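Inspection log for the structure reproduced underneath, given as structure tokens.
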Amino acid sequence: MPISGIRGTHNIPFGSHLCLFYRRPHEFLQVTTSFLQAGLEHQELCVWILPTTVTIPLALEALAHRHLNGASLQASHQLQIVASEDWYRDGAF
């Protein structure tokens with residue numbers, strides 16, 4: 001089982017689904033960047049779909065705080081960052 005990077009969850013089996021409730025964008029970024037960092041450090045391919053309250057530049061800044069080069073990770077196709085309005089083009093989940 002892979003390490004989740006989320007404090008208190010330990011290892012999560014592949015195929016599991018998690019739900020995150022947050023009040024502010026910084027809470028979202030704190031948890032999701034930790035989760036992504038764990039996956040990226042284990043050479044996983046990651047897709048990060050951002051809520052409307054988080055811009056791609058803000059997400060890249062949050063990754064930089066974890067010493068991750070978001071632009072480089074995107075260029076290598078290890079990480080794909082997408083705004084929710086682009087991912088859910090027809091407005092459906």
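The values are calculated or read from the model by the stated rules, or taken from the named source; none is laboratory data. Bear in mind the structure is a predicted one, so any value in this text is a computation, not a measurement. Here Cβ is always computed from backbone atoms with ideal geometry, including for glycine, and neighbour counts include all displayed protein chains. These area figures cover heavy atoms from the full protein model, side chains too; ligands, DNA and RNA do not enter into them. Shrake-Rupley method; radii C 1.70, N 1.55, O 1.52, S 1.80 Å.
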Over the chain, calculate the relative contact order: mean separation of alpha carbon pairs under 8 Å at least 6 apart, over the residue count, as a percent.
26
With the 1.4 Å probe rolled over protein heavy atoms, the stretch 1-77 has an accessible area per residue in Å² of 71
Of all trypsin sites (Lys or Arg not before Pro) in the stretch 15-89, the ones in DSSP coil with at most 13 other Cβ atoms within 10 Å are R23, R89
Return the carbon/sulfur percentage of the accessible area of the chain, one whole number, probe 1.4 Å, all protein chains in place.
57
What three numbers, in Å, describe the spread of the alpha carbons of the stretch 1-40 along their principal axes, ordered from the longest?
30, 18, 16
Ranked by accessible surface with a 1.4 Å probe, highest first, in what order do S34, S72 come?
S72, S34
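Per DSSP H run of at least 4 residues, take -39500 (n - 2.57); add these up for the chain, divide by its residues and hand me the 222 nm value, nearest 500 deg cm²/dmol.
Result for the chain, helices only: -11500 deg cm²/dmol.
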Decide, for the chain, between rounded, prolate and oblate: order the square roots of the alpha carbon gyration tensor eigenvalues as a ≥ b ≥ c, take rounded if a/c falls under 1.5, and otherwise choose prolate if a/b is larger than b/c, else oblate.
rounded
For the stretch 38-43, Karplus couplings with θ = phi - 60° (6.51, -1.76, 1.60), whole Hz, Gly/Pro x:
4, x, 5, 5, 9, 6
